[in-house]
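The values are calculated or read from the model by the stated rules, or taken from the named source; none is laboratory data. For clarity, every value in this text was computed on a predicted model and none was experimentally measured. Every residue, glycine as well, gets a Cβ built from its backbone with ideal geometry; the counts of neighbours run over all protein chains shown.
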């Protein structure tokens, strides 16, 4: 199953990647220049993907031990932005995929920044 919140795609997965680095950070994706961010809340373990880049757009892996929410908040005030609906996620394993775009003139793939 998949859920999208702006430029972030959350995919439920069955397999798990070993050797991931856990982090206490709950801000998964920071918007560019507008103080907006995609935050995961709930009983969750967050793991950063050390090979994250445009060619490998998976930025994080998540283990949800209970119900969780992906919320789009102002990074300073932590208030809802109203730009994206909150996503409710069931316990399980997930990966966070950043949306990419291809520039045919520059012939580069880049991560889209919200």
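Checked against (1) at pLDDT below 90; (2) under 14 Å from residue 3 (Cα atoms), residue 70 passes all but a single condition, namely (1). In the set 60, 38, only one residue is buried (at least 17 other Cβ atoms within 10 Å of the Cβ) and free of Cβ contacts under 8 Å to residues at least 40 places away in the same chain; that residue is 60. Residues in segment 44-60 include none that are modelled with pLDDT of 85 or more, over 17 Å from residue 11 (Cβ atoms) and touching a strand residue (DSSP E or B) at 6+ places or on another chain (Cβ under 7 Å). Checked against (1) within 11 Å of the chain's Cα centre (by Cα); (2) free of Cβ contacts under 8 Å to residues at least 60 places away in the same chain, residue 19 passes all but condition (1). Of the residues making up segment 77-89, at least one is loosely packed, with under 11 Cβ neighbours inside 10 Å, farther than 13 Å from residue 40 by Cα and at pLDDT below 85.
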